[in-house]
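Written out below as structure tokens is the structure these notes cover.
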Ligand SMILES: *Cc1c(COP(=O)(O)O)cnc(C)c1O
């Protein structure tokens, strides 16, 4: 059998290895110069003044909501079609996640449905650039302004993206990026909150560091957390940030190969970003949808076939409202967000990374073609 093709893979080279080794030899393993450089590089890329590094994107979302003053009694509008961290951050601060269905074109929150869902208790919007798609962010920003809401941007999947000339991370009062190894670039683990608001910056810096406020290491002005990002991770992140354009370019090329290979394949819809012109800068994943002419079980059968052929694939995303713990206590039920549920049943993430070669993309496309043909004749 030919080499397996993984669903995702970090793009880490010698420069990254050397940077991490340099930190280890320096003796300064936390709260040092690498953190500051990494924070500044991410903030610059998002067109923001300040960056606050934390140990994950999830921690970043948690702190951004806390720093914006969101808490018990508040409602935060977000999407059921995201990674679980989005909703968990709202639950961590004791607020209520109010889910709104997506639009089937962008797979992001439908702005008209969002407008209808805003009530007296709504305090914030937490939209997500799902799969890197930035469509509707200007619309969410207008809604937040019109209704006096906090806008926190979950841009964990959109680093380096742009919409109407504006970078990902520049739309909200705060934005949060993540650097887990399957993201566009990685720090191993890590996140960066970006903002122009000095109050949000100061609160997040304190909260990530056990509520410390000044130079006295054992004085805690508020209840905080240990969400610090270590220097090895930050150093890795710094090198990756310097390589960001090169990596994004390579990912875009891989996406274009997929677009070409799959354009004529009946029963398979390309990702929404494949239809955008000019082609978007920042691809996070390559997720196709199986057409509704196929049975609803087709996706799982295709995934299983690909898996057996050594091709990694993912079912991004199962709807958040159907996750067992959330279904149990949120009051939401199956059927509440029909568009999200239908999209979730038909989505299939294909192997995607900057390392993929043309012939690997061809092999994935050919296996996918066979798998789809097999389910069509079943
Ligand atoms: C990756 C991701 C996060 C954060 O993930 P961490 O693993 O905590 O860094 C948050 N939201 C979305 C939509 C993501 O894709």
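Remarks
- Percent of Cα-Cα distances greater than 22 Å, calculated over the range 1-85: 53
- In degrees, nearest ten, helix 198-208 long axis to first principal axis of the chain (Cα): 80
- One chain, two ends: residue 199 and residue 315. Fully extended at 0.36 nm per residue, the span grows by 37.9 nm beyond their Cα-Cα distance.
- C-alpha long axis of helix 137-147 to longest principal axis of the chain, angle in °: 50
- Virtual paramagnetic centre 7 Å along Cα→Cβ of residue 28, amide N under 17 Å, in the range 225-241: 229-239
- With eigenvalues of the C-alpha gyration tensor scaled by 5 and rooted, the range 137-176, Å: 18, 11, 6
- Volume per residue of the C-alpha convex hull in the range 127-279, rounded to whole Å³: 148
- Here, the chain is characterised by an Rg to Rh ratio of 0.98, where Rg is the alpha-carbon radius of gyration and Rh the Kirkwood radius.
- Length gained on full extension, residue 263 to residue 296, computed as 0.36 nm times the residue gap minus the Cα-Cα distance: 9.7 nm.
- The Rg/Rh ratio of the range 277-378, with Rg taken over Cα atoms and Rh as the Kirkwood radius over Cα pairs, comes to 1.03.
- Mean projection area, nm², convex hull over Cα of the range 163-227: 5.7
- Angle of helix 33-45 to the longest C-alpha principal axis of the chain, folded into 0 to 90 degrees and rounded to 10: 60°.
- Cα convex hull of the range 245-306, projected area averaged across orientations, nm²: 4.8
- Model label zone, residue 377; criterion: amide N under 19 Å from point 7 Å along Cα-to-beta-carbon; scope the range 248-289: 265-268
- Taking all Cα pairs closer than 8 Å and separated by 6 or more residues, the relative contact order of the chain comes to 22 percent.
- Available extension along the chain between residue 256 and residue 342 is 28.4 nm, counting 0.36 nm per residue and deducting the alpha carbon span.
Computed from the coordinates by the stated procedures, all read-outs in this text should not be read as laboratory data. Keep in mind it's a predicted model, so treat the numbers as computed, not measured. Positions of Cβ are generated from backbone atoms using ideal geometry, with glycine treated the same way; all protein chains shown enter the neighbour counts.
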